[in-house]
Amino acid sequence: MEIIETGIEGLLIIEPRVFEDKRGYFFEPYNKSKFQEATGLDPNFVQDNESLSSKSVLRGLHFQIPPKAQDKLVRVIAGSVLDVAVDIRKNSSTYGKYHSIILSAENKKQFYIPKG
């Protein structure tokens, strides 16, 4: 996997290694030990969600305050989305900055969004 920093502390783009041939493709969306090795992070993922949206739908803002704050690993399995993360951690040097990315079934990129 390739880890790409975004300029916002902890906000990462993850490009998994994809094995393709005439039959299709195979890749490992998440592997805890490989993720830890590549990022130096040790998130405790305890929940997995999936949603389906119609074309041109704007999904809501997702923010949790402690003690329910969560790290998120976002990916798309069909179609594409424009995902935007905004740093609202008041003590962060990048407070108010944002990063956007197109996540798609085709590019298989993932967006790691830290708490806050």
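Below is a table of values for the structure above.
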| quantity | calculated |
| --- | --- |
| In the stretch 3-19, the residues that are of a type in the set (Asp, Glu), open to solvent by 100 Å² or more (accessible area, probe 1.4 Å) and within 22 Å of Ala105 (Cβ to Cβ) | none |
| Residue check, Lys22 modelled with pLDDT of 95 or more, exposed (fewer than 12 other Cβ atoms within 10 Å of the Cβ) and over 22 Å from His99 (Cα atoms) | yes |
| Test: residue in the stretch 38-54 that is surrounded by 15 or more Cβ atoms within 10 Å (Cβ to Cβ) and in contact with a Ser or Thr (Cβ under 9 Å, 6 or more places away or on another chain) | no |
| Residue check, Ile8 under 12 Å from Tyr112 (Cβ atoms), in a loop (DSSP other than H, G, I, E, B) and not hydroxyl-bearing (Ser, Thr, Tyr) | yes |
| Extreme residue, modelled with the highest pLDDT, among residues of the stretch 70-98 that are of a type in the set (D, E, K, R), surrounded by 13 or more Cβ atoms within 10 Å (Cβ to Cβ) and more than 25 Å from Pro16 (Cβ to Cβ) | Lys97 |
| Glu2, sole failed condition from (1) without any contact (Cβ under 8 Å) to a residue 12 or more places away in the chain; (2) in contact with a strand residue (DSSP E or B) (Cβ under 6 Å, 6 or more places away or on another chain) | (1) |
| Subset of the stretch 55-69 (residues that are farther than 21 Å from Pro114 by Cβ and either of a type in the set (Val, Ile, Thr) or surrounded by 10 or more Cβ atoms within 10 Å (Cβ to Cβ) (or both)) | Val57 |
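The values are calculated or read from the model by the stated rules, or taken from the named source; none is laboratory data. None of these values were measured; they are calculated from a predicted model. Positions of Cβ are generated from backbone atoms using ideal geometry, with glycine treated the same way; all protein chains shown enter the neighbour counts. Calculation scope for accessible area: heavy atoms of the full protein, side chains included, ligands and nucleic acids excluded. Shrake-Rupley method; radii C 1.70, N 1.55, O 1.52, S 1.80 Å.
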